[in-house]
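Undergrad: I have a structure I would like to understand better, so I am pasting it below and will then ask my questions one at a time.
Taken together, the values in this text are just the output of simple stated rules run on the coordinates, not laboratory data. This one's a predicted model, so the numbers in the text were calculated from it and none came from an experiment. Note that we place each Cβ from the backbone using ideal geometry, even for glycine, and neighbour counts take in every protein chain shown.
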Amino acid sequence: QRHEFIATAANELWLTDITEHRTGEGTLYLCAIKDVYSNRIVGYSIDSRMKSRLAVAALDNAVARRGDVAGCIVHSDRGSQFRSRKFVHALNRHDMVGSMGRVGAAGDCETLDHLSAA
C-alpha cells in the first residue's frame with residue numbers, strides 16, 4: 001500500500017531516503033532529500049559509510065539551499081540514521097518536524113526511485 005504525499009507549498013513536506021551504489025572503488029551511500037511540492041531533490045550527501053552523519057549532512061545541505069524551512073515535515077523510513085540523536089538534533093536545530101514510516105515500507109519513501117536508474 002502506497003502513501004499519497006501531497007504538499008501545497010515548497011518547504012512543507014520533504015521525503016528522504018538512503019540508497020547504496022556499488023562502484024569500482026567500493027560502495028557509496030547517497031542520502032537525498034526531495035521536496036514533495038516541486039518534486040525536486042533539494043539536498044543530498046554522499047559518503048562511504050552509512051552513518052547518521054550522512055543524513056545530517058544531507059539535511060544541512062538542503063536547509064542551506066532552501067532557507068526558511070521552519071515547520072517543514074521531513075518524512076523517512078525508520079532507518080537508524082534517521083532515528084539517531086544527531087539527526088533528531090539537526091531537525092530541532094532547524095525547527096523541522098520528523099515523520100517516519102514503517103521499516104522497509106518501500107512505498108513510503110519513493111524519494112530516490114527516479115535516481116536509481118541513473
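Undergrad: Just need the relative contact order of region 17-116 here, percent rounded to a whole number, with Cα pairs under 8 Å and 6+ apart. Don't skip to the end; give the middle numbers.
TA: Numbers: 168 pairs, mean separation 23.9, N = 100.
Relative contact order, region 17-116: 24 percent.
Undergrad: Taking the highest mean first, how do the peptides 27-34, 65-72, 87-94 order by number of other beta carbon atoms within 10 angstrom per residue?
TA: So the order, starting with the most tightly packed, is 27-34, 87-94, 65-72.
Undergrad: Just grab the label-to-label distance for Thr27 and Asp95, each label 7 Å out from Cα along the Cβ direction, in nm (one decimal).
TA: 3.9 nm
Undergrad: Also: What's the extension gain from Thr19 to Ile6 if we count 0.36 nm per residue and subtract their Cα-Cα distance?
TA: Working: separation 13, 0.36 × 13 = 4.68 nm, distance 2.29 nm.
Stretched fully, the Thr19-Ile6 segment lengthens by 2.4 nm.
Undergrad: Go through region 77-88 residue by residue and turn each phi into a ³J(HN,Hα) via Karplus (6.51, -1.76, 1.60, θ = phi - 60°); whole Hz please, and just put x for glycine and proline.
TA: After applying 6.51 cos²θ - 1.76 cosθ + 1.60, I find 7, 8, x, 4, 4, 7, 9, 5, 4, 4, 5, 4 Hz.
Undergrad: Given a cut-off of 22 Å, what percent of all Cα-Cα pairs of region 1-77 lie beyond it? Mind showing how you got there, number by number?
TA: Working: 766 of 2926 pairs.
In whole percent, the long-distance tail amounts to 26.
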